[in-house]
Amino acid sequence: EDLLFKNLSSIEGVRIEMTGKANEQGHLFASIHGETIVAELKKQKGIDILPEFLQLEKPVKEVGEHKMSVKIQGKTGGFILLVKAL
């Protein structure tokens with residue numbers, strides 16, 4: 001349990017980057033889902049959280065900066081996902 005909260009505090013202010021194919025308007029051809037985002041968080045920063053802790057209302061569909069919110073047992077934290085067009 002302590003590990004969960006350690007991970008929560010360690011993601012605060014973290015930035016990860018992902019790329020995707022997008023049209024001229026910045027809309028991604030393939031949405032980025034929560035499972036992919038948490039996998040990238042682990043790959044890029046070594047931070048391991050479960051996809052269900054990610055407060056993602058809908059998949060990410062546009063390039064740019066997205067503030068990701070994580071909630072673990074009533075406590076919240078956040079990190080930045082930067083999506084760039086390929």
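The values are calculated or read from the model by the stated rules, or taken from the named source; none is laboratory data. Being a predicted model, the structure only gives us computed values, none of them experimental. Note that we place each Cβ from the backbone using ideal geometry, even for glycine, and neighbour counts take in every protein chain shown. Ligands, DNA and RNA are stripped out before the accessible areas are found, and what is left, the full protein with its side chains, is counted by its heavy atoms. Shrake-Rupley method; radii C 1.70, N 1.55, O 1.52, S 1.80 Å.
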Could you look at the chain and say what percent of its accessible area is carbon and sulfur, using a 1.4 Å probe and all protein chains? 50
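Net charge within 11 Å of residue 34 by Cβ-Cβ distance, Lys/Arg positive one each and Asp/Glu negative one each, not counting residue 34 itself? Mind dumping the intermediate values first?
On the way: positive: 58; negative: 35, 40, 52, 57.
Residues close to residue 34 contribute a combined charge of -3.
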Charge context of residue 84, other residues only, Cβ under 15 angstrom, K/R +1, D/E -1: -2
For the chain, averaging the sequence separation of alpha carbon pairs under 8 Å that lie six or more residues apart and dividing by its residue count, the contact order in percent is 40
Among the aspartates and glutamates, which fall within straight-line cross-link reach of residue 75, defined as a Cα-Cα distance under 18 Å, with same-chain neighbours fewer than 8 residues apart omitted? 1, 2, 12, 48, 52, 57
Using the heavy atoms of the protein chains alone and a 1.4 angstrom probe, what is the accessible area of region 1-53 per residue in square angstrom? 65
Between residue 39 and residue 15, 0.36 nm times their residue separation minus their Cα-Cα distance comes to what? 7.3 nm
Summed side-chain charge close to residue 17 - residues other than residue 17 whose Cβ falls under 13 Å, Lys, Arg +1, Asp, Glu -1: +2
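Need one number: convex hull volume per residue for the chain, Cα atoms only, in Å³. Before the final figure, lay out each step's value.
Details: hull volume 6.7 nm³, N = 86.
Measuring per residue, one finds 78 Å³ for the Cα hull of the chain.
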Above-threshold pairs, the threshold being 20 Å between Cα atoms, out of 21/71; 61/84; 45/67; 43/84; 21/61: 21/71
